[in-house]
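Report on the following structure.
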Amino acid sequence: MSGKKRAAGDEEAKPLATEVDLTDEQVQVLEGVEKMLNKAQTVLALRAYKFMVPKFAQRREALKKIPGFWSRALLRHGLVALHTQHTADQDALSYLEDIWVERDETELRAFKIEFHFKENPYFEEKVLVKEFKYVAPPSTSTATDEDGLTEAQVDFNEERDLAPQTITITWKTDSKNLTKLHPRVADDEDDMPAEPGSFFNFFTVAEDPFEVSRSPFFHWIKLEMKCL
């Protein structure tokens, strides 16, 4: 064993301090700085999004002309692929023609992901949607500041202000009902599911514990608006 031998009575090495005692005034200053940075990030993200929307639309039209592009791209992405291990899921997603993201005009960080399908033997719907709906905090002023932001936008909290929605999928037969054949299985000892089941549980179950909607695949589709 190499290294300097510790002399008898030497104290154990102490880690660097991880906490700093702050006065109330210092805490207020730091909170103000953090709020300022979050606001600046929000302003930049909103401007970038508005600039990118027509670019995304152009890309959308170009990708529509490539047969099977979205299904191949989806199934080849690592995180998404973990939730499409069932052969039937992969077959159902082979009918995917387009993916598009719409944003809430009131709060652009609220969004819905649209999956457009051609006629298929699994379900009736042509579009399946996963929406994260904006829920405005109570008693929020609609007045905007010099940057065009409301108080709610400046203080936006994703966990508090976004509510995941569900839809009902009209399966053509019970033998094609993938959410019934492969349900999401809860874990009694953990908040994370023991088994994710079919990919289509993403639409019919509100929670998104695996953060599929936040995967890099979907970040590529939509401009990430989350303030760090």
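Before moving on, here are some points about what is shown:
- Rounded to the nearest Hz, the phi-derived 3J(HN,Hα) couplings of region 194-211 under the Karplus curve 6.51 cos²θ - 1.76 cosθ + 1.60 (θ = phi - 60°) are 6, 8, x, x, 5, 4, 6, 5, 3, 8, 9, 10, 4, 5, 10, x, 8, 6, where x marks glycine and proline.
- Using C-alpha pairs below 8 Å separated by at least 6 residues, the relative contact order for region 81-213 is 22 percent.
- Flagged links, alpha-carbon separation over 22 Å, of K130/K172; K55/K112; K64/K130; K133/K180; K112/K180: K133/K180; K112/K180
- Taking Cα centre as origin and charging only the Cβ of basic (Lys, Arg, +1) and acidic (Asp, Glu, -1) residues, the dipole magnitude of region 26-221 rounds to 1180 debye.
- For region 59-75, putting each phi into the Karplus relation 6.51 cos²θ - 1.76 cosθ + 1.60 with θ = phi - 60° gives couplings of 5, 4, 5, 5, 6, 4, 7, 9, x, x, 4, 5, 5, 5, 5, 5, 6 Hz, in residue order, rounded to whole numbers and with x for Gly and Pro.
- For region 11-154, the relative contact order works out to 16 percent when only alpha carbon pairs closer than 8 Å and six or more residues apart are counted.
- Region 26-221: equivalent-ellipsoid semi-axes (sqrt of 5 x gyration tensor eigenvalues, Cα, Å): 34, 21, 15
- Interchain or long-range residues, amide H under 5 Å from H182's placed H: S198
- Stokes-Einstein D in µm²/s, Kirkwood radius over Cα pairs - region 18-84 at 10 °C with 1.306 mPa s viscosity: 97
- Inter-part distance where region 99-153 and region 17-85 are each reduced to a Cα centre, Å: 14
- Using R0 = 45 Å, the C-beta based FRET efficiency linking S175 and N38 works out to 0.35.
- For a paramagnetic label modelled on D191 (point 7 Å from Cα along Cα→Cβ), amide N atoms under 13 Å away belong, within region 144-173, to 159-160.
Laboratory data are not the source of any read-out in this text; all were calculated from the coordinates shown. Please read all numbers here as calculations on a predicted model, not as lab measurements. So basically every Cβ, Gly included, is an ideal-geometry build from the backbone, and we count neighbours across all protein chains shown.
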